[in-house]
Amino acid sequence: MAPLLELRGMTKRFPGVLANDHIDLTLEPGEIHALLGENGAGKTTLMNILYGLYHPDEGEILVRGNPVKINNSAEAIALGIGMVHQHFMLIPPFTVAENVMLGAETLQKGVFLDRASVSKRIRQISGEYNLQVDPGAYVKNLSVGAQQRVEIMKILYRLSDILILDEPTAVLTPQEVQDLFKVIRGLAERDVSIIFISHKLKEVMEIADRITVLRNGRTIGTTRPAETNPAALARMMVGREVILTVDKKPATPTEPVLQVENLQVLDDRKQLAVDGVSFEVHAGEILGIAGVQGNGQTELVEALTGLRAIAGGHTRILGKETTRATPRQILETGVAHVPEDRQRDGLVLSYPIADNLVLNSYYLPPFASGVMMHERAILATAADLVHQFDVRTPSTQALASTLSGGNQQKVIVAREFSRPIKLLIASQPTRGLDVGSIEYIHQRVVDKRDQNCAVLLVSPELDEIMSLSDRIAVMYRGKIMDIVQANQVTREQLGLLMAGVKERMKDEK
Amino acid sequence: MAAIAQVKSQPVTFSRQRILGAFYTFVGLAMLYLFTGDTKPDQLATLGMNTIRSVQLIKLPDIIVPVQPVVWTLGALVVILGVWQLVRGFRRTGLLMGAVSFLFLVSFLVWAARGTSFSLIGILSASLQLATPILLGALSGILCERAGVVNIAIEGIMLSAAFTSVLFANVTGNIFVGLAAALGIGAILAAWHAVLSIQFKVNQIISGTVINIFATGFTNFLNQRIFYVTTDLNTQVTFPTISQLVPDLGKIPILGPLFFDQGPIVWTSLVLLVVIQIALFNTRWGLRTRAVGEHPRAADTLGINVFRARYINVILGGIVAGLGGAYFTLGSVGRFDKLMTNGRGFIALAAMIFGNWTPTGAFASSLLFGFADALQVKLQILINQVNIPSEFLLMLPYIVTMVALAGVVGRVTPPAADGEAYEKQ
Amino acid sequence: MTNSVPVEESKKNATPPRLSVWRAILNTLAVPVLALFSALVLSAFFILISDPVILNAYKNFFTDPGHALALSWQVIANAYGSLFTGALGDPATMANALRVYFATGETKDLLVAFWPLSESLVTSTPYIFGGLAVALGFRCGLFNIGAEGQIFIGAIVAAFVGYSVPGLPWIIHMPLTFLAGAVGGAVWGGIAGFLKARTGAHEVINTMMLNYIAFRLADYLVNGPMKRGGAAGNIPISRDILDSATFPAFFPDPIRFHMGFFVALLIAVLVYVFLWKTTLGFEIRTVGANPRAARYAGISVNRNFVLAMALSGALAAMAGAGEVMGVNHNFAAAFSPGYGFDSIALALMGGSHPLGVVLSALLFGTLRSGATKMQSIASVPIDIISIVQAFVIMFIAAPAIIRWIYRLKAEGGVQVILARGWGG
């Protein structure tokens, strides 16, 4: 029997980058097929081609044995292909039913939306696949896990039998990941085929029937979990031995640099995002804040750096009260902030690299005296930093937009680390970076710690937290569940905390 | 329109309560001072409830109001509200602001009419009429912005439509051709804006400005080249009002002047209001439009053609704005004057924002702005009673717009993708 | 590293340095120049369709195409010809006048012959200020559509200070008057900036409203408290400003070329230094380039909105003050023929850079000055300028159109790598 789906020789070029290089892939009915690769390997590009969002430069797609051309998403949907994107494609002010029926609306009297029958069908599918989706709820009020279920519902509603999931576990607690796996296995039993894109080895080993590894846009190989192991997969993904942990000496923490006391912070919707959080970070240690994204970490970091007002509680840096401080005042106290979204918050892409390197110190000597800026000093410092931190660019006058993600992050790191800092707040510092850059940044963070800097690391990647942190605090729904020593805690214990389960307390269901 | 400013959200604003309270108290005291000062004790104000036509059927009693007691009471009431707000604070600040404004307004009108009369029914009728171009402009804005395209060219479209309608009506001798021309030029100019902003991804504010500058240019240019030379082509051409067609309807008290002394464009705008409100939230077109304005990429992944949806909506918006432009001439004075729209297109945008991008909200706001306009006209008549120079009265609609906008932005949310060009990767 | 390769690749294709400077200049000039040219061509259409003689000729197009086309060409040539001579002067007349001057020392002909050129410079002066105003706003991400109203305010305040403070020496009164006008505009623009910072209200609507309020205010003042009265009766015009508050002209009548032009150039230089060499300017530009990153870097976005709008208002007001002090010497109703709105086109055409603005201002000043002549000779209403402007803005804002029409290649050089949207 012909495979359900076959991709032959898929090739896609972008200016300067060969994203997909003659990739082959097959998919059987009812199969869970993982597409594994690090950030930048070409996985999402390939799936975007399949879903009609990109046009391939070369290659063939065969669905159920027939060659097809997929020019847009409507055609993909018509062929039975559905995709759940990494960033959800849901419309927050709409209800679940409206999101599900968008593009495939049923009409009453030919003109009016038939919400009732759509809701009925949703409830039906919900029961059949055990999805627990409430058609009348507004999407903006749903949790991340619930939103993901709505995305899956959208696809099932359209009777798709090829389901593409792009990094679905990035935003889930370990418990929610297991729930998702249950749903996926249920779907596979009903002959729905699933392409599971991920860069997480262990998950892929757990859920997939077959695994295809991509690296630099090429297929490296296809295997089965029984025939391989994480180390081998990692080697396929990166092409060399990968050191999965960072080499570091034990910490010798000294005086507290950051003190947070009963902190309360509201989010954009005026809800309590940080709910009475207290902790300390000492000089010479790394405190990692673990937790699935969306549990208040973003708001916490914004509050600590002065970008968001604090509704209650206190923060102190080096003994000074900073609860009402402006971002500039906090920076001047000796705080460095590597932001979550480097392109949006950390850089001005239309500025030259040199200007980006003095983005928060342009007004200080030697870059300025009074109101006048000194261009020569800025350029000299920029050249120095670019060399020190190995930023690949032909000139410091090149615009920041010309840099790759890894090099952009290096610019931010160069800028922040070269200031006289006592506290480093790093939020998702290696998001979207290739392994080489990740290793580099991890090493620099540990170096800073060894120079007696206090480091607050916020990351949803548990591996990163566990390998870098000396102590780990887990955030869940705006509260710190517990603060533990990194070398005394297991992954499973952290997972439970991340899901809101305190040790030795049974979860009442 | 997306506001770039990051207004740092302050914790519970105790000081804001104080400031508002102090302000309202001040307003109340000002009312007492200003409006009681030169009022003679026995003066009465007559608020007319009849028009020439309606009086033929029934003469309703005019509302006669003793000025001093009313002004004193209202002023005192506002002072009380102000002090309460200062000390205790109201929960529904919007409601309070509305209440204070209303009391101030009533007091002001009563005072302005002391010893004389003015037509209350007239000002209400004029409010609906003057609200019409603003409503149509706001509906046009809603059609565009709900789909994610900011359209500040409404002013230019209305101006162009006003001009074209008179020209074509007089050249062909048929008022409906004039109307069609207005709708047509609306569609064309909107299409121009759409192509620039959707296809060429020009900043939507800039492309709207292009249309506005062009409209000013070409209407003034052709006005001088054609209308000044052949003045017949600028002869007055208007639609009759309902009561002119069916005189008996105009005689109904209150309803007559309010609704039947209006022309067909006013009625059409009310119909459009209802149709668009229902369609936007209950039809497939409405759902897709709103999706494209909130999260175009999501709509795209579900197979909806974002570009086509935006084009259609912008052009529809242009047609509605064209109707709004026709109001100025065919629905009102009948002939074209330079720059006759006078900023109404921008006020319409404010009405749209103030109404939270819904047709019903826009209706309420445009009534407010229409009232400000009507008030300003009426006050010119009472100008001797009201010692405000006429030029300041003319500023009233614009000041009201700024105040309304300042009060409400930040508490209303535009469609999430409003103003952003959609890029297919 | 996959991603650093493209940068190396493009270096291979780099053109030799000398050639690339020329290419850079041509590249930068090509679009604006062609934009203007295309705009003039499109606007010619309007001249033609509103001319009854032409319309008549085209009625018989199929029987006598030659006549229609020849007539069209004639009308256009006449119109744009008078635009040119009105803008710069008739070369023959100028040559003649020079000859007379060198022969006899007689300056009268010289003055008349060079009057168009000087008028163009005079008209450019407020454009320089207005263009700088809008450009500075753009640099902060703000659209100052209220330049027109700010010009009025600047003019009113300057006129008032100009005629009501006697007894001061010129060296004090003149800058005082000019700065007073600027401060007035700073306040007017600052209101919109403040509202944006405090409430988030969009500056387009607010500055537009402030325009209308400014016009009415001007009406009121010039018909009331500031009215000259006396022999002038009810004419809405203010008293003349004192000589100690004027920008002196350098040449005798009818040449009106005045000091304001040099003041404008000086201000342009100051704006350049401000934006690119000072910390305040850096902050304003950063807020415009990426407001979130600006906040992150400790810059106060709200404070810069207010500052930028105030400075923008001040610059626009200088246009008004300059006109009062250098040209009219008083304030009258209906005083500004749309300088504020023209400035939008200027700023865009000049790439929001002071040098570009000055060049565009000279160009537009020339155009407008010529258009006045075109209006009297070829009876083409001056509003044609607005039509030209609209097209210019469109072509500059969407350069793809020009490139497509004239088959220009897109800019070469280093390829931009977008870090988002690709790869998995």
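The values are calculated or read from the model by the stated rules, or taken from the named source; none is laboratory data. Everything numeric in this text was worked out from a predicted model, so none of it was measured. As a convention, Cβ positions derive from the backbone with ideal geometry for all residues, glycine included, and neighbour counts pool all protein chains shown.
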*asked:* Cβ contacts < 8 Å: first residue hydroxyl-bearing (Ser, Thr, Tyr), restricted to the stretch A:16-44; second residue assigned to a strand (DSSP E or B), any location; separation 6+ or different chain. Result?
replied: A:Thr26/A:Leu5; A:Thr26/A:Glu6; A:Thr26/A:Leu7; A:Thr44/A:Asp166; A:Thr44/A:Ile197
_What's the total number of residues in the stretch A:83-103 that are touching a helix residue (DSSP H, G or I) at 6+ places or on another chain (Cβ under 7 Å) and surrounded by fewer than 18 Cβ atoms within 10 Å (Cβ to Cβ)?_
3
_Out of the helices (runs of 4 or more DSSP H) lying entirely within the stretch A:1-115, which hold 3 or more residues that are more than 12 Å from chain C (Cβ to nearest Cβ)?_
A:73-78, A:96-101
*Can you name the residue in the stretch C:193-204 that is in a helix (DSSP H, G or I) and facing another protein chain (nearest Cβ under 9 Å) and, of all such residues, is nearest to C:Phe129 (Cα to Cα)?*
C:Val204
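Residues in the stretch C:386-400 that are at the interface with chain B (Cβ under 7 Å from one of its Cβ atoms) and buried (at least 20 other Cβ atoms within 10 Å of the Cβ): how many? Talk me through it step by step, then tell me what you get.
Step one: list which residues in the stretch C:386-400 are at the interface with chain B (Cβ under 7 Å from one of its Cβ atoms), which gives C:386-387, C:389-390, C:393-394, C:397-398, C:400.
Going one step further and asking which of them are buried (at least 20 other Cβ atoms within 10 Å of the Cβ), we end up with C:386-387, C:389-390, C:393-394, C:397-398.
Of the residues in that region, 8 qualify.
How many of the residues in the stretch B:359-389 are free of Cβ contacts under 8 Å to residues at least 24 places away in the same chain and in a loop (DSSP other than H, G, I, E, B)?
From the stretch B:359-389, those free of Cβ contacts under 8 Å to residues at least 24 places away in the same chain are B:361, B:364, B:376, B:380, B:383-384, B:387-389; that's our starting set.
Right, trim to in a loop (DSSP other than H, G, I, E, B) and you get B:383-384, B:387-389.
So the answer is 5.
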*Restricting the first residue to the stretch A:257-272 and requiring it to be in a loop (DSSP other than H, G, I, E, B), which pairs with a second residue that is surrounded by 17 or more Cβ atoms within 10 Å (Cβ to Cβ) meet a Cβ separation below 6 Å and a spacing of at least six or different chains?*
A:Asp267/A:Ala273; A:Asp267/A:Glu299
_Long-range neighbours under 7 Å by Cβ, at least six apart or interchain, first residue at the interface with chain B (Cβ under 7 Å from one of its Cβ atoms) and modelled with pLDDT under 90 within the stretch C:205-219, second crowded, with 24+ Cβ neighbours inside 10 Å and not in a helix (DSSP H, G or I)_ = C:Met208/C:Ile145; C:Met208/C:Gly146
*Would you be able to tell me the number of residues in the stretch B:336-348 that are over 12 Å from B:Asp373 (Cβ atoms) and in a loop (DSSP other than H, G, I, E, B)?*
6
*Answer yes or no: is there a residue in the stretch B:349-358 that is outside the structural domain of B:Ala153 (by TED's automatic domain parsing), polar (S, T, N, Q) and outside any helix (DSSP H, G or I).*
no
*1 or more residues out of contact with any Cys (no Cβ under 7 Å at 6 or more places or on another chain) and among the polar types (S, T, N, Q): qualifying helices (runs of 4 or more DSSP H) within the stretch C:242-333*: C:279-289, C:301-323
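Got at least one residue in the stretch C:44-55 being more than 14 Å from chain B (Cβ to nearest Cβ), in a helix (DSSP H, G or I) and closer than 25 Å to C:Gln375 by Cβ? Step through it out loud before you land on a result.
At the first step, the residues of the stretch C:44-55 found to be more than 14 Å from chain B (Cβ to nearest Cβ) are none.
No, because not a single residue in the stretch C:44-55 is more than 14 Å from chain B (Cβ to nearest Cβ), in a helix (DSSP H, G or I) and closer than 25 Å to C:Gln375 by Cβ.
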_Need the failing condition index for A:Val391 against (1) at the interface with another protein chain (Cβ under 8 Å from one of its Cβ atoms); (2) in a loop (DSSP other than H, G, I, E, B); (3) crowded, with 21+ Cβ neighbours inside 10 Å, just the number._
(1)
*Where C:Phe152 falls short, out of the listed (1) among the aromatic types (Phe, Trp, Tyr); (2) more than 18 Å from C:Gly320 (Cα to Cα); (3) surrounded by 24 or more Cβ atoms within 10 Å (Cβ to Cβ)*: (2)
*asked:* Given the criterion under 25 Å from C:Met226 (Cα atoms) and in contact with a Gly (Cβ under 9 Å, 6 or more places away or on another chain), identify the matching residue among C:Ala87, C:Ala133, C:Ala158.
replied: C:Ala158
*Using beta carbons and a limit of 9 Å, which pairs, at least six apart or on different chains, have the first residue in the stretch C:293-308 and more than 11 Å from chain A (Cβ to nearest Cβ) and the second one in a helix (DSSP H, G or I) and among the polar types (S, T, N, Q)?*
C:Asn304/C:Thr286
*What are the residues in the stretch A:313-332 that are away from chain C (no Cβ under 12 Å) and crowded, with 19+ Cβ neighbours inside 10 Å, if any?*
A:Thr315, A:Ile317, A:Thr322
*asked:* Any residue that is within 12 Å of another protein chain (Cβ to nearest Cβ), among the β-branched types (Val, Ile, Thr) and farther than 17 Å from B:Thr341 by Cβ - is there at least one of those in the stretch B:152-162?
replied: no
*asked:* Being within 14 Å of another protein chain (Cβ to nearest Cβ), touching a Phe, Trp or Tyr at 6+ places or on another chain (Cβ under 9 Å) and in contact (Cβ under 8 Å) with a residue 24 or more places away in the chain is the filter here; which residues of the stretch B:258-292 pass it?
replied: B:Gln277, B:Arg290, B:Val292
*Answer yes or no: is there a residue in the stretch A:410-418 that is within 11 Å of chain C (Cβ to nearest Cβ) and closer than 28 Å to A:Gly37 by Cα.*
yes
*Just one of B:Gly343, B:Gly331 is touching a residue at least 40 places away in the same chain (Cβ under 8 Å) and over 15 Å from the mean Cα position of the chain (by Cα); which is it?*
B:Gly331
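Residues are listed down the side, and each one gets a yes or a no for (1) surrounded by fewer than 20 Cβ atoms within 10 Å (Cβ to Cβ); (2) among the hydrophobic types (A, V, I, L, M, F, W, C); (3) at the interface with chain C (Cβ under 9 Å from one of its Cβ atoms); (4) touching a residue at least 24 places away in the same chain (Cβ under 8 Å):
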| residue | (1), (2), (3), (4) |
| --- | --- |
| B:Asn170 | no, no, no, yes |
| B:Val177 | yes, yes, no, no |
| B:Ala181 | no, yes, no, no |
| B:Gly186 | no, no, no, yes |
| B:Ile198 | no, yes, no, yes |
| B:Ile206 | no, yes, yes, no |
| B:Ile213 | no, yes, yes, yes |
*For residues that are at the interface with chain C (Cβ under 9 Å from one of its Cβ atoms) and assigned to a loop (DSSP other than H, G, I, E, B), scanning just the stretch A:333-357, find the one that is modelled with the lowest pLDDT.*
A:Asp341
_Lone qualifier among C:Ser352, C:Ser379 - being in a loop (DSSP other than H, G, I, E, B) and modelled with pLDDT of 85 or more_ = C:Ser352
*Within the stretch A:266-279, is there a residue that is surrounded by fewer than 14 Cβ atoms within 10 Å (Cβ to Cβ) and basic (Lys, Arg)?*
yes
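Here's the yes/no breakdown for (1) surrounded by fewer than 13 Cβ atoms within 10 Å (Cβ to Cβ); (2) under 24 Å from the mean Cα position of the chain (by Cα); (3) over 30 Å from C:Asn304 (Cα atoms); (4) among the charged types (D, E, K, R):
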position	(1), (2), (3), (4)
C:Ile205	no, yes, no, no
C:Leu221	no, no, yes, no
C:Ser244	no, no, yes, no
C:Phe251	no, no, yes, no
C:Ile255	no, yes, yes, no
C:Met259	no, yes, yes, no
C:Leu265	no, yes, no, no
C:Val271	no, yes, no, no
C:Phe274	no, yes, no, no
*Could you give every pair whose Cβ atoms fall below 9 Å, whose first residue belongs to the stretch C:336-362 and is crowded, with 24+ Cβ neighbours inside 10 Å, and whose second residue is assigned to a loop (DSSP other than H, G, I, E, B) and among the basic types (Lys, Arg), counting only separations of at least 6 or pairs across chains?*
none
